[in-house]
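The values are calculated or read from the model by the stated rules, or taken from the named source; none is laboratory data. Bear in mind the structure is a predicted one, so any value in this text is a computation, not a measurement. Here the Cβ is made from the backbone with ideal geometry for all residues, glycine too, and neighbour counts use every protein chain on show. When the accessible area is computed, the model is the full protein with side chains, heavy atoms only, and any ligands, DNA or RNA have been set aside. Shrake-Rupley method; radii C 1.70, N 1.55, O 1.52, S 1.80 Å.
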Amino acid sequence: MLTKNETKDSNDSFMDCMQVDTDHLSALTISVTPRHEIIGKDVKLHSTQICATVQAGKLPDDDSKRAPVDIVIALDVSGSMSGDKLTLCKKTLELLLRNLLPHDRFGLVSFADEAVLEIPTRKLTEDAKKAAIEKIRNIRTRGCTNISAAIGLAAQEMGCVENPNIVRSIFLLTDGLANRGVSHASGIVDIAKGCLVNTKDDGTAPITIHCFGYGTDHDDKLLTDVSEATPGGSYYFVENDSNVASAFGDALGGILSVVAQNVSINIYIPPEAAALGVEIISVHHENKIKRDNGSISVTLGDLYAEESRDVLFEIKLANPPSPLVDPLSHVSVVLSYLDTIKKQLITTDPVTCKIARPSGAEVSEANQHVAVQWLRINAAKEMEHVDLLATRGDLKGARERINQFKDILQEERELQSDPLVVQISNDLDSVMGGITDRRQYTTFGAKRIQMKRQAHTTQRCAETSFTSDNFYRGSNKAKMAKKFENAD
């Protein structure tokens, strides 16, 4: 099975600069790479792409050194969850409890017509674990589906914790549509944003929410939007019973490996470059803010161990009156974050990106990593367009759009063996299989598109099966997903 930590040898020259010694270095490192290191002055090229890459290191081997977590489960217990569904969810929750440490906290909200606090959020002493497991075993199904009440009560329970742990997350699992309480999607998303976003200026990270859509009758768009109410959440499409445990294992492996929170970068043009006409043209990221001084800040949320985030942006090239003998620093990037292991706020020194502008028409070979990230960004956008077309009933147009982008991938011959390009191609095939007809789209296709698009946008794995290949899955997620999937 392909996981991210197994693919780094494919581009050693790029990744070598980002290896992290967890005993001595910070949790994150940053590199800034131009698409072309040399662009001659006689070339009719006035702008170029640059990629800022933030790379997380590995988690310490000692599990007790990881950041403690607070987890509240919001579990759908409506009538449609009866039978094997609820039984499997109960077993999965027991397994989750057994993988938490005494300094972690666990709480449980069940919801049907209304939300009920089954287990108050508390630290997991042995007695607390035993009591929680006993309570879980006695849960029964009832009523309909009140998702808004579940989110509200779970968030309220998080808010009641004094001196909360540094990592806080809600797991919401449902198999149906919201038909009690606030049932309109926008209203539920607004509730999630209002409850989970930290309004205090105290540096505390927002509560993440991971949404698990069980079966084919849930509202995938709603759950995706709820998971994106705060940075760091994910939407999991749990297609069948066998994937419940693995999906929870994947999500748990992630939050148990958070190494950095409130991650952001600030991009700015050095004065000497600005004097030669360099400026930021665009930043290809949805969470960007332009500052009064002209710099651009991009918020990246949290990072799990071994994850990376790539921010691609375009700048106007320097136009010096005469060729530059030495490469010019066109842009500088500063990385800031909270190290969850050391519990320290970190701000790095500026990292610069140099581009040579000699005389002549020389253009150096395109950097493969930057080229692949541009494909990733566009693949996510294409999936969004495909979903819009399919939603409107234009399945033929949606399939044509996928084929057009597949042709673009095929044209990038030197990138064909890149693991991420392989992942993108496979995901496009999976999306194509879900839009063969209207029934296939509404049952499976729309849900697969949401999950695949979000994964490529956020660069985070949300696979529901351990056996599924995923470029973004780090070793901690893989280990926990396998452990949950193989549990009796």
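The magnitude of the dipole of the stretch 22-111, with charges of +1 and -1 set on the Cβ of Lys/Arg and Asp/Glu and taken from the Cα centre, is near 260 debye. Between the residues ALA462, MET432, VAL333, the greatest Cα displacement towards the positive end of the dipole of the stretch 331-488, with unit charges on the Cβ of Lys, Arg, Asp and Glu, is found for ALA462.
Largest first, the extents of the alpha carbon coordinates of the stretch 396-446 on the three principal axes equal 38, 19, 10 Å. Divide the volume of the convex hull around the Cα atoms of the stretch 293-408 by the residue count and you get 205 Å³ per residue. Measuring with a 1.4 angstrom probe and ignoring ligands and nucleic acids, MET158 comes out at about 0 Å² accessible.
Loop sites by DSSP among the trypsin sites (Lys or Arg not before Pro) of the chain, restricted to those with at most 10 other Cβ atoms within 10 angstrom, leave 201-342 as the longest stretch without any of them. What residue among THR48, VAL109, ASN367 has its Cα farthest toward the positive end of the dipole of the chain, where the charges are +1 on Lys, Arg and -1 on Asp, Glu, each on the Cβ? Positive-end residue among those listed: VAL109.
Translational diffusion of the stretch 253-316, estimated by Stokes-Einstein from the Kirkwood radius over alpha carbon pairs at 20 °C in a medium of 1.002 mPa s, is 161 µm² per second. The magnitude of the dipole of the stretch 304-408, with charges of +1 and -1 set on the Cβ of Lys/Arg and Asp/Glu and taken from the Cα centre, is near 220 debye. Measuring nothing but how far apart in sequence close Cα pairs (under 8 Å, 6+ apart) lie, relative to its length, the stretch 161-243 scores a relative contact order of 33 percent. For the chain, the mean projected area of the C-alpha convex hull, equal to one quarter of the hull surface, is 23.2 nm². In this structure, the amide hydrogen of VAL278, modeled 1.01 Å from its nitrogen in the peptide plane, lies closer than 5 angstrom to those of ASN319, counting only residues at least 5 positions away or on a different chain. So what is the diffusion coefficient of the stretch 288-353 in µm² per second by Stokes-Einstein at 37 °C and 0.692 mPa s, using a Kirkwood Rh over Cα pairs? Approximately 220 µm²/s, per Stokes-Einstein. With a cut-off of 8 Å between alpha carbons and a minimum separation of six or more residues, what is the relative contact order of the stretch 295-399 in percent? Reported relative contact order: 20 percent. For the chain, the relative contact order is 21 percent, taking Cα pairs closer than 8 Å that sit 6 or more residues apart in sequence and dividing their mean separation by the residue count. Calculated [222 nm] ellipticity per residue, helices only, for the chain: -10000 deg cm²/dmol; basis is -39500 (n - 2.57) per DSSP H run with n ≥ 4, divided by all residues, nearest 500.
Here the chain carries DSSP beta bridges of which approximately 70% are antiparallel, counting only pairs with both residues inside. Evaluated with a Cβ-only charge set (Lys, Arg +1; Asp, Glu -1), the chain carries a dipole of roughly 820 debye about its Cα centre, given to the nearest 20. On a per residue basis, the stretch 413-487 carries 39 Å² of accessible surface, using protein heavy atoms and a 1.4 Å probe. Computed over the stretch 365-456, the alpha-carbon pair-distance distribution with 10 angstrom bins reads 17, 52, 24, 7, 0, each value a whole percent.
Whole-Hz Karplus values for the stretch 113-118 come out as 5, 9, 9, 10, 7, 7 Hz, taken residue by residue from phi with 6.51 cos²θ - 1.76 cosθ + 1.60 and θ = phi - 60°; glycine and proline positions read x. Using a probe radius of 1.4 angstrom, the carbon and sulfur fraction of the accessible surface of the stretch 400-461 is 45%. Is the C-alpha gyration tensor of the stretch 67-211 telling us rounded, prolate or oblate? Criteria: a/c under 1.5 is rounded; beyond that, a/b larger than b/c is prolate, otherwise oblate. Oblate, because a/c is 1.5 or more while a/b does not exceed b/c.
Overall, the accessible surface of the stretch 252-384 at a probe of 1.4 angstrom is composed of carbon and sulfur to the extent of 50 percent. Shape index of the stretch 146-259: Rg/Rh, with Rg the Cα radius of gyration and Rh the Kirkwood radius from the inverse mean 1/r over Cα pairs, equals 0.96. When all protein chains stay in place and ligands, DNA and RNA are ignored, the 1.4 Å accessible-area order of CYS211, CYS144, largest first, is CYS144, CYS211.
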